[in-house]
1. Given R₀ = 22 Å, FRET efficiency for S166-A116 by Cβ-Cβ distance, to 0.05?
2. Which percent, nearest 5, of DSSP beta bridges in the chain are antiparallel?
3. Roughly how many debye, to the nearest 20, is the charge dipole of the chain about its Cα centre, given +1 on each Lys and Arg Cβ, -1 on each Asp and Glu Cβ, and no other charges?
4. Exactly which trypsin sites (Lys or Arg not before Pro) in region 77-111 are in a DSSP loop and have at most 10 other Cβ atoms within 10 Å?
5. Of V115, A187, G155, which is farthest towards the positive pole of region 114-210's charge dipole, taken about the Cα centre with +1 and -1 on the beta-carbons of Lys, Arg and Asp, Glu respectively?
6. Helix 31-41: angle to the longest alpha-carbon principal axis of the chain, degrees 0 to 90, nearest 10?
7. Under 1.5 on a/c is rounded, so check that first for region 154-216, then, if it is not, pick prolate when a/b is larger than b/c and oblate when it is not; a ≥ b ≥ c are the square roots of the alpha carbon gyration tensor eigenvalues.
8. With a ≥ b ≥ c the root eigenvalues of the C-alpha gyration tensor of region 44-123, is it rounded (a/c under 1.5), prolate (a/b larger than b/c) or oblate?
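Derivation of every value follows stated rules applied to the coordinates shown; laboratory data play no part. Worth saying up front: this structure is predicted, and the values here are computed from it rather than measured. FYI the Cβ positions are ideal-geometry reconstructions off the backbone, even for glycines, and counts take in every protein chain you see.
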Amino acid sequence: MRIAFLGPPGAGKGTQARDLARAWSVPHIATGDMLREAVAAGTALGREAKAYMDRGALVPDDVIIAMIAERLRQPDARSGFLLDGFPRTIPQAEGLERLLKDIGQPLERVIYFDVAEPELVRRLTGRRVCRGCGHSFHVVSNPPRREGVCDACGGELYQRVDDSESTVRNRLGVYRTQTTPLLEWYAARGLLVTVEGEGPIADIARRVQDAARRRP
Ligand SMILES: [Zn+2]
């Protein structure tokens, strides 16, 4: 089982990846989390990544690919892996393809979580954060008992600038520009399967499990 999940912010692929990696007994390789952990642990690659982050620069693709390579050498990755959040661009996909070819573990499927933009905006702008304790809620999927008030500490809930509609639409636009060519790239290799990412979480999980078995 060697799979990558692609999807815009708010598509819910992180939740699905966590649950399905457990069900399939393969490691869930979330590159964003891995990067933060490597930096916190102070590994050689973590220190290299931190040097870029401290300058406000993006961590280069080859550093992330090297981190993935290191992770895939762990014994638990022998039966496969689930990549979440990588690749996002064609150069990243090319680097990943070279790495996986070198270790004889090519991708078998790329599953794209398709969610309409209005739904993504609704999900991403619904987050409310407590000024007091930092606890986060969602106006639709996880509302506080009293509107605008934190269940945990009674503090005031507010919307972060990152979650405002204009910022969210911007992030989605950037994602679309980068990813549309990537979807075509994987489709041309016969790897892409699209899954509808709306509806109850259990239904989406079933669709993803079917897609993992289906020939693209
Ligand atoms: Zn609070």
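1. Taking R0 as 22 Å, the efficiency between S166 and A116 is 0.70.
2. Of all bridge pairs located within the chain, approximately 35 percent are antiparallel.
3. The dipole of the chain has a size of about 260 debye.
4. Loop-located and lightly packed - none at all.
5. G155
6. The angle comes out near 90 degrees.
7. Judged from the Cα gyration tensor, region 154-216 comes out oblate (a/c at least 1.5, b/c at or above a/b).
8. Verdict is oblate for region 44-123.
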